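K.L.:
Sharing a structure here in structure tokens format.
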Amino acid sequence: MTATLPEGAATDIDDLRIVDCDAHLTEPADLWTARVPESLRGRVPVQETRDGVTAWYVDGEMWASIGGNTIGHGPKKVLGTNTLQPFEEIHHSAWSTKERLDLLDDQGVWAQVLYPNGVGFSSNHIFAVPDLEQRTMILQTYNDFLIEVQHESGGRLLPQGMLPIWDMDLTVKEMTRLIDKGMTGFTLSDKPELLDLPELPEPYFEPMWDIFNSTETVANFHIGAGGTREESEGIRRTMREQREGKTPVSTGGKRIAPPSWGSFGPQRWLAVMATQMYMSNVRIVTNLCMSNLFDRYPKLKIVSAESGIGWVPFLLEALEYQLDEMVTTPVEKSLQQRRPTEYFRDHLYVMFWFESSAPQKLVDDIGVNNILVETDIPHPTCLYPNAKGHFARVLSGLDPASRRRILQDNAAELYGIDIPSVV
């Protein structure tokens with residue numbers, strides 16, 4: 001398969017190396033068992049298939065799903081599902097470095113920034129393992145796997161590590177260890193307070209922010225990264241109840257308002273939930289732009305992953321308006337040194353994949369230096385099999401310098417990617 005452009009699309013992106021800033025690396029079946037001594041294999045996650053459904057189990061209990069996987073053998077994308085089951089139905093490019101690179105070549109993409117899949121988009125799922133020693137072993141083994149992938153890919157695949165934020169001394173050691181091995185960034189929970197930790201701007205997190213600031217590695221907030229294991233289990237339960245035609249209830253037996261109406265079927269439920277989830281990062285972006293975090297850490301770079309870009313101009317306009325309308329006392333006004341939009345322009349990155357309207361109409365309002373692209377492979381709604389053609393079409397109205405910024409240079413500078421010249 002060769003990436004092709006639609007008729008009439010701009011062709012000068014052939015001179016670019018497209019960097020996909022959000023795709024997912026599915027955890028291979030032997031991720032942990034192949035990397036720990038035989039004596040410890042009973043203490044790490046094990047992949048099992050029960051009643052035709054594959055999941056991850058820790059100490060005999062279900063711990064995590066296998067994540068969103070919609071590219072089956074062929075490879076061919078399967079519509080109308082969140083994940084293919086059992087695990088054997090998934091195309092090997094979900095976890096195989098060689099086959100993922102082949103997929104990238106078919107897509108016309110040079111490099112991918114990779115996030116976790118089944119085990120959650122931050123370390124929250126690992127945090128749910130009660131035994132501290134076991135928890136640390138699971139996290140560090142996972143991060144070792146990510147480094148292997150990056151090195152094996154020759155730097156074209158850039159997984160973002162997980163941090164043991166329950167222990168800040170250990171977080172500093174793990175960041176230092178992985179940065180020394182070439183890791184370019186880490187994925188964080190946007191709501192650590194749900195885990196009974198302090199909020200992100202509090203002194204507890206200062207050692208972590210110091211390292212992000214001094215090393216200029218990237219702090220990534222992927223949508224859904226703040227969810228706890230209990231929330232993930234609640235979503236799975238709601239999906240099951242939707243399939244069975246039941247009215248979802250909370251753990252305490254009370255009626256709740258799920259993302260979609262109860263009369264919707266499971267596929268429409270997923271579509272409604274996913275649409276709302278794209279904008280879940282509005283909270284972290286708003287709080288960052290209304291804080292003094294960037295005054296304290298002037299080299300900090302933050303990415304909002306899988307959140308789209310169409311909502312950004314409204315948010316920036318609202319932030320500017322509300323700051324002047326609501327923040328009036330000397331104490332409140334003294335918190336930050338600059339305007340919210342200034343912080344956004346200098347420190348934050350957002351990305352799009354399926355959108356057409358925003359890339360064509362809103363680039364100047366968002367800021368050409370703040371926009372990245374993604375494919376979200378192998379999740380539902382991922383761009384497959386012709387990402388290059390889509391990007392060429394929706395960016396065809398921009399000047400060549402802006403296309404280069406959005407498709408290549410922003411990401412290359414942000415993640416320190418060595419871009420070879422196009423032959």
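The values are calculated or read from the model by the stated rules, or taken from the named source; none is laboratory data. Just so it is clear, the model here is predicted, and its values are computed rather than measured. Virtual Cβ from ideal backbone geometry, glycine too; neighbours counted across all protein chains shown. All accessible areas refer to the heavy atoms of the entire protein, side chains included, with ligands and DNA or RNA removed. Shrake-Rupley method; radii C 1.70, N 1.55, O 1.52, S 1.80 Å.
K.L.:
Filter the range 149-170 for residues that are part of a loop (DSSP other than H, G, I, E, B) and over 20 Å from the mean Cα position of the chain (by Cα); which is surrounded by the most Cβ atoms within 10 Å (Cβ to Cβ)?
P.N.:
For the range 149-170, the residue satisfying everything is Trp166.
K.L.:
Considering (1) under 25 Å from Leu132 (Cα atoms); (2) without any contact (Cβ under 8 Å) to a residue 40 or more places away in the chain; (3) open to solvent by less than 50 Å² (accessible area, probe 1.4 Å), say which one Ser39 fails and leave the rest.
P.N.:
That leaves (3) as the condition not met.
K.L.:
Can I ask one more? Taking the conditions exactly as written (assigned to a strand (DSSP E or B) and closer than 22 Å to Leu157 by Cα), does Gln47 satisfy them or not? Outline the logic, then answer.
P.N.:
Working: assigned to a strand (DSSP E or B): yes; closer than 22 Å to Leu157 by Cα: no.
In short, no.
K.L.:
Further question on the same structure: Output the qualifying pairs, or none if there are none: Cβ atoms under 7 angstrom, residues six or more apart or on different chains, first residue in the range 196-221 and on the phi > 0 side of the Ramachandran plot, second residue open to solvent by 10 Å² or more (accessible area, probe 1.4 Å).
P.N.:
Pairs found: Glu216/Lys299; Glu216/Lys301.
K.L.:
Is the range 64-72 home to any residue that is under 20 Å from Cys21 (Cβ atoms), assigned to a loop (DSSP other than H, G, I, E, B), open to solvent by less than 20 Å² (accessible area, probe 1.4 Å) and not β-branched (Val, Ile, Thr)?
P.N.:
Checked against the condition, which is being under 20 Å from Cys21 (Cβ atoms), assigned to a loop (DSSP other than H, G, I, E, B), open to solvent by less than 20 Å² (accessible area, probe 1.4 Å) and not β-branched (Val, Ile, Thr), the range 64-72 yields at least one hit.
K.L.:
Right, another one. If you go through the range 203-214 one residue at a time, how many are of a type outside the set (Phe, Trp, Tyr) and more than 21 Å from the chain's Cα centre (by Cα)?
P.N.:
So the answer is 5.
K.L.:
Mind checking whether some residue in the range 103-125 is surrounded by fewer than 20 Cβ atoms within 10 Å (Cβ to Cβ), modelled with pLDDT of 95 or more and not β-branched (Val, Ile, Thr)?
P.N.:
yes
K.L.:
Please go through the range 171-218 and pick out each residue that is closer than 12 Å to Ile284 by Cα and open to solvent by less than 30 Å² (accessible area, probe 1.4 Å).
P.N.:
Leu188, Ser189, Asp190, Pro192, Leu200
K.L.:
Give the residue that is farthest from His73 (Cα to Cα), with candidates limited to residues of the range 90-116 that are among the polar types (S, T, N, Q) and outside any loop (DSSP other than H, G, I, E, B). Break it down into steps so the answer makes sense when it comes.
P.N.:
In the first step, residues of the range 90-116 are kept if they are among the polar types (S, T, N, Q); the result is 93, 96-97, 107, 112.
From what is left, the residues that are outside any loop (DSSP other than H, G, I, E, B) are 93, 97, 107, 112.
Values: Ser93: 9, Thr97: 16, Gln107: 16, Gln112: 21 Å.
Filtering first and then ranking leaves Gln112.
K.L.:
Pairs only if they're at least six apart or on different chains, beta carbon under 6 angstrom, first in the range 382-404 and among the small types (Gly, Ala, Ser), second open to solvent by 30 Å² or more (accessible area, probe 1.4 Å) and modelled with pLDDT of 95 or more; list them, first residue then second.
P.N.:
From the range 382-404, the pairs are Gly397/Gln360; Ser402/Val368.
K.L.:
Counting only residues that are within 21 Å of the chain's Cα centre (by Cα) and open to solvent by 10 Å² or more (accessible area, probe 1.4 Å), which one in the range 86-96 is farthest from Trp32 (Cα to Cα)?
P.N.:
So, considering only residues that are within 21 Å of the chain's Cα centre (by Cα) and open to solvent by 10 Å² or more (accessible area, probe 1.4 Å), the one farthest from Trp32 (Cα to Cα) is His91.
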